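Take a look at the structure set out below.
The values are calculated or read from the model by the stated rules, or taken from the named source; none is laboratory data. Not measured: the values here are computed from a predicted model. Please note: Cβ atoms are built from the backbone with ideal geometry, for glycine as well, and neighbour counts cover all protein chains shown.
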Amino acid sequence: MTGLLDLPLEVRNVVYEFLLGETLAPHSRAMMVVSENYIKERLPLRNYRGLLRTCRKTYLELKQAIQHLAASKQLRYELDITFSHGRPYFAMTWVRFPALCATINSLVINVDLRIREPFNYHGQFQAPHDHLLAHLIEDLGDDDGPKSFAKQLFDYIAILLKTLAKLLSHGNTQFNLLYTEHLVLNFRTPTTMVTGLEVPRAEQRRVKVDPEEADDILDTMQATIKSNAKAFGAFDASQCGVLSPLIQIGSLQFATEGVVWGEGHNLILAQDDFQWLQY
């Protein structure tokens, strides 16, 4: 039987690039408390690590294929994050996670919002109150109340990048920079359950909310995410050397259904907070 290493190198490189660009099977995870350990345990690294451990030759060739993709701007990551009206958690699903690499050409995070999703309360399904939606999509100034989706989202991204940096630094004394060239936060049209369906929950389907309501919700979410980004502090670029490793985002873009409507540049993670580089 012909094995991988029996194939010509050119063919093996095609196999590596196919595996690194593969779309992952959906596997949703609910997250109520975000921690580095929780994120690390749920990164889709099984196939990537399996190839690395096959033999030294495969290890070196795969690493070279990863560097080639990064150099040609093809190392793309994609993640779906879903916030649900009235729920104290969000769900995440990796769509693409090619490999661990110190350069991320593109990380797209699709932000979904589910509204009026019934929950089981003592055997009866009830819709969540409207004020819970306001707490989710706005910053209402209540420090003791639930965090808005924007604060939860930036908290998650910060811990995700810190986790990736720690994994990359393990056993690698040369690692000192995790650079994300483009981070896109892409809002999708909010959805809701089809009303009046007396069918099992697993068979219920979701539809987009009507355009007028969707526009109102998305306008509020855009204002909330912008105000959070504007509130980031400034970091003196000359002090970047004190950060080890340096975790930097070259371009932060905001989009709705793939259409970009806002952008900022040169964001770093200093300790636990995002800050804009000041030159």
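Inspect all residues belonging to the stretch 164-175 and state whether any of them is over 17 Å from ARG114 (Cβ atoms) and modelled with pLDDT under 80. Walk me through how you get there before you give the answer.
Within the stretch 164-175, the subset over 17 Å from ARG114 (Cβ atoms) is 164-175.
Checking which are modelled with pLDDT under 80 leaves us with none.
No, the stretch 164-175 contains no residue that is over 17 Å from ARG114 (Cβ atoms) and modelled with pLDDT under 80.
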Inset, instruction - Could you please let me know if GLU10 is free of Cβ contacts under 8 Å to residues at least 60 places away in the same chain, surrounded by 14 or more Cβ atoms within 10 Å (Cβ to Cβ) and either in contact with a Pro (Cβ under 7 Å, 6 or more places away or on another chain) or not hydrophobic (A, V, I, L, M, F, W, C) (or both)? - result: no
Inset, instruction - For the stretch 19-30, enumerate the residues that are surrounded by 10 or more Cβ atoms within 10 Å (Cβ to Cβ) and under 23 Å from LEU75 (Cα atoms). - result: LEU19, LEU20, GLY21, GLU22, LEU24, HIS27, SER28
Legend entry - Some residue of the stretch 217-227 being touching a Gly at 6+ places or on another chain (Cβ under 6 Å), at pLDDT 95 or above, closer than 30 Å to ILE115 by Cβ and hydrophobic (A, V, I, L, M, F, W, C): no
Inset, instruction - Scan the stretch 31-48 for residues that are surrounded by 12 or more Cβ atoms within 10 Å (Cβ to Cβ) and of a type outside the set (Val, Ile, Thr) and report the count. - result: 10
Legend entry - Odd one out for ILE249 among (1) within 30 Å of PRO211 (Cβ to Cβ); (2) touching a strand residue (DSSP E or B) at 6+ places or on another chain (Cβ under 7 Å): (1)
Legend entry - Residue list for the stretch 132-150, filter: touching a Ser or Thr at 6+ places or on another chain (Cβ under 9 Å) and surrounded by 15 or more Cβ atoms within 10 Å (Cβ to Cβ): HIS135, LEU136, ILE137, GLU138, ASP139, SER148, PHE149, ALA150
Legend entry - Number of the exception - LEU51 against (1) closer than 30 Å to ARG206 by Cα; (2) in contact (Cβ under 8 Å) with a residue 24 or more places away in the chain: (1)
Inset, instruction - Starting from residues that are in contact with a helix residue (DSSP H, G or I) (Cβ under 6 Å, 6 or more places away or on another chain) and hydrophobic (A, V, I, L, M, F, W, C), keep the ones in the stretch 70-89 and report whichever is nearest to GLU22 (Cα to Cα). - result: LEU75
Inset, instruction - For ALA99, indicate whether it is in a helix (DSSP H, G or I), under 27 Å from PRO245 (Cβ atoms), modelled with pLDDT of 85 or more and not polar (S, T, N, Q). - result: no
Inset, instruction - Could you tell me whether LYS40 is touching a residue at least 60 places away in the same chain (Cβ under 8 Å), of a type outside the set (Val, Ile, Thr) and touching a Lys or Arg at 6+ places or on another chain (Cβ under 9 Å)? - result: yes
Legend entry - Test: residue in the stretch 68-80 that is touching a residue at least 12 places away in the same chain (Cβ under 8 Å) and either among the β-branched types (Val, Ile, Thr) or touching an Asp or Glu at 6+ places or on another chain (Cβ under 6 Å) (or both): no
Legend entry - Residues of the stretch 23-37 satisfying the condition of being free of Cβ contacts under 8 Å to residues at least 40 places away in the same chain and not β-branched (Val, Ile, Thr): ALA25, ASN37
Legend entry - Unique residue being under 13 Å from the mean Cα position of the chain (by Cα), at pLDDT 90 or above and within 26 Å of LEU60 (Cα to Cα) when the list is ILE159, ILE81, ILE104, ILE109: ILE104
Legend entry - Pairs, first in contact (Cβ under 8 Å) with a residue 24 or more places away in the chain in the stretch 211-228, second of a type in the set (Val, Ile, Thr) and part of a helix (DSSP H, G or I), C-beta under 7 Å, six or more apart: ILE217/ILE137; THR220/ILE137; MET221/ILE137; THR224/ILE137
